[in-house]
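Report on the following structure.
Every number here is computed from the coordinates shown, using simple stated rules; none is lab data. A quick note: this is a predicted structure, and the numbers were derived from the prediction, not measured. All Cβ positions, glycine included, derive from the backbone under ideal geometry; neighbour counts span all protein chains shown.
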Amino acid sequence: QKEVEQNSGPLSVPEGAIASLNCTYSDRGSQSFFWYRQYSGKSPELIMFIYSNGDKEDGRFTAQLNKASQYVSLLIRDSQPSDSATYLCAASIIQGAQKLVFGQGTRLTINP
Amino acid sequence: DGGITQSPKYLFRKEGQNVTLSCEQNLNHDAMYWYRQDPGQGLRLIYYSQIVNDFQKGDIAEGYSVSREKKESFPLTVTSAQKNPTAFYLCASRPGRVTDTQYFGPGTRLTVL
């Protein structure tokens, strides 16, 4: 069973601090990794994707990938109350077609 | 406006009824997907389709059926065989390359009365 694991939280971070979200995956064949943000009652929206080892930065967000450790993380700098949401990590598996395997999500709360 | 639309937003079903959830996209995306999300959980794949007139079962296809007669449309039927259908249903689509990102519609919340 291909799995993606996340700490379900809740993770509480003060406003302006760095929020660190972590994800591990079991299938070494996973090629790309995605972070989605999901507000309560809404559908997931893409934050970032990463497929190479190392860091990828986009504004206040940095995704980190370590394929040797099968570990993906998302850092949110200067956290804002609007960042409060559930963050879903997904691993892409290509078996003829692309399929995403999702973790259960980490609920993040930014405290003013 | 380009995007993915799902209807209805809320749907109530009596036990024993079949219901069909609509998913339409005007992004010219090749692949489409259906997921189910239960409270506090991630998304689980029900069915997916890479091209018109072709679709494959995902991890939890039992009690569901789909069709892909048009590139733009991928409706999902929740049959009476699905024993626990109350959930949030999400449709997604993806451009042609398998490395591309999946984008989600707004979702349909199905409740069995």
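For B:A87, the residues whose amide H sits under 5 Å from its own are B:L110, ignoring neighbours fewer than 5 places away on the same chain, with H placed 1.01 Å from N. Residues in the stretch B:108-113 carry Karplus couplings, in order, of 10, 9, 9, 10, 9, 8 Hz; the curve used is 6.51 cos²θ - 1.76 cosθ + 1.60 with θ = phi - 60°, and Gly or Pro positions show x. Across chain B, the mean sequence separation of Cα contacts (distance under 8 Å, 6 or more residues apart), normalised by length, yields a relative contact order of 34 percent. Tell me which residues come under 5 Å, amide H to amide H, from B:D30 once H is placed; ignore anything under 5 positions away on its chain. Amide H to amide H, under 5 Å and 5 or more residues apart or across chains, B:D30 pairs with B:R94, B:G96.
Calculate the mean, over all residues of peptide A:40-48, of how many other protein chain Cβ atoms lie within 10 angstrom of the residue's Cβ. Could the numbers behind the result be given before it?
On the way: counts 0, 4, 4, 14, 10, 2, 4, 0, 1.
Taking the mean over all residues of the peptide, I get 4.
Computed from backbone phi with θ = phi - 60° and the Karplus coefficients 6.51, -1.76 and 1.60, the 3J(HN,Hα) list for the stretch A:34-48 is 10, 10, 10, 10, 10, 7, 4, x, 10, 8, x, 10, 5, 9, 7 Hz; x is used for glycine and proline.
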